[in-house]
Amino acid sequence: MSQITEHRLEEVELWGVDQAREALLTVLHTILFCRAPGPFKPETIFLDHFELAYARVGSRSVIETVDRACDALLSPGHLTPAGPELLKGTVVLSFFERIRSKALFGILKNEEKRVWEQWTLPILISTTPRPLGDDDPSRLERSRADADADRLLRARIGDVHRLVNGPLDHV
């Protein structure tokens with residue numbers, strides 16, 4: 001029986017789907033970058049909605065898979081209401097190995113996916129219209145919301161690095 005290492009990150013509260021998509025991409029690619037086996041070409045990605053950048057594995061198939069997963073979660077009907085003008089969702093990233101076994105005199109083959117690590121990231125998205133005014137209260141509210149989201153995203157990236165580099169109970 002295999003043991004699964006599970007990491008549940010704290011919820012990230014974001015303002016709007018665009019900011020949520022960028023935050024999800026950042027955390028997922030950070031996890032994948034830290035767990036990538038073998039040689040790969042890293043890429044640095046600068047964010048539009050946050051004052052930070054992250055590194056990702058430069059594999060087209062990895063990038064497209066992560067994009068599709070984020071788009072699927074953020075598409076209409078996949079997030080659940082969490083209150084007035086709030087939506088919530090969770091993305092789960094699993095690492096597994098494929099175990100192939102032969103059965104019945106080597107004629108039939110069976111393939112099993114054995115998960116060895118799983119990451120869970122809950123998100124909360126505010127659908128409240130963002131204040132667009134040029135007045136002081138609107139600027140202050142935008143600045144406050146952006147600073148909160150930036151702080152939460154940086155904390156989740158820090159959590160990923162701490163968990164990836166933390167103590168191991170195997171090897």
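The values are calculated or read from the model by the stated rules, or taken from the named source; none is laboratory data. Please read these numbers as outputs of a predicted model, since none were measured by experiment. A quick note on method: Cβ atoms are made from the backbone with ideal geometry, for glycine too, and the neighbour counts reach across all protein chains shown. Accessible surface areas use protein heavy atoms only, side chains included; no ligands, DNA or RNA. Shrake-Rupley method; radii C 1.70, N 1.55, O 1.52, S 1.80 Å.
Has region 81-93 got any residue that is part of a strand (DSSP E or B), without any contact (Cβ under 8 Å) to a residue 12 or more places away in the chain and open to solvent by less than 90 Å² (accessible area, probe 1.4 Å)? Looking through region 81-93, at least one residue is part of a strand (DSSP E or B), without any contact (Cβ under 8 Å) to a residue 12 or more places away in the chain and open to solvent by less than 90 Å² (accessible area, probe 1.4 Å). Here the condition is being under 13 Å from the mean Cα position of the chain (by Cα) and either under 20 Å from ARG21 (Cα atoms) or not basic (Lys, Arg) (or both); of PRO81, PRO131, PRO137, PRO122, it holds for PRO122 alone. Of the residues making up region 9-58, those that are touching a strand residue (DSSP E or B) at 6+ places or on another chain (Cβ under 9 Å), in contact (Cβ under 8 Å) with a residue 60 or more places away in the chain and open to solvent by 60 Å² or more (accessible area, probe 1.4 Å) are GLU10, GLU11, GLU13, VAL17, ARG35, HIS49. Consider region 8-56 and keep the residues that are of a type in the set (Lys, Arg) and assigned to a helix (DSSP H, G or I). The one that is nearest to TRP116 (Cα to Cα) is ARG35. Can LYS113 be described as of a type outside the set (S, T, N, Q), exposed (fewer than 14 other Cβ atoms within 10 Å of the Cβ) and either assigned to a strand (DSSP E or B) or in contact (Cβ under 8 Å) with a residue 24 or more places away in the chain (or both)? So LYS113 fits the description; yes.
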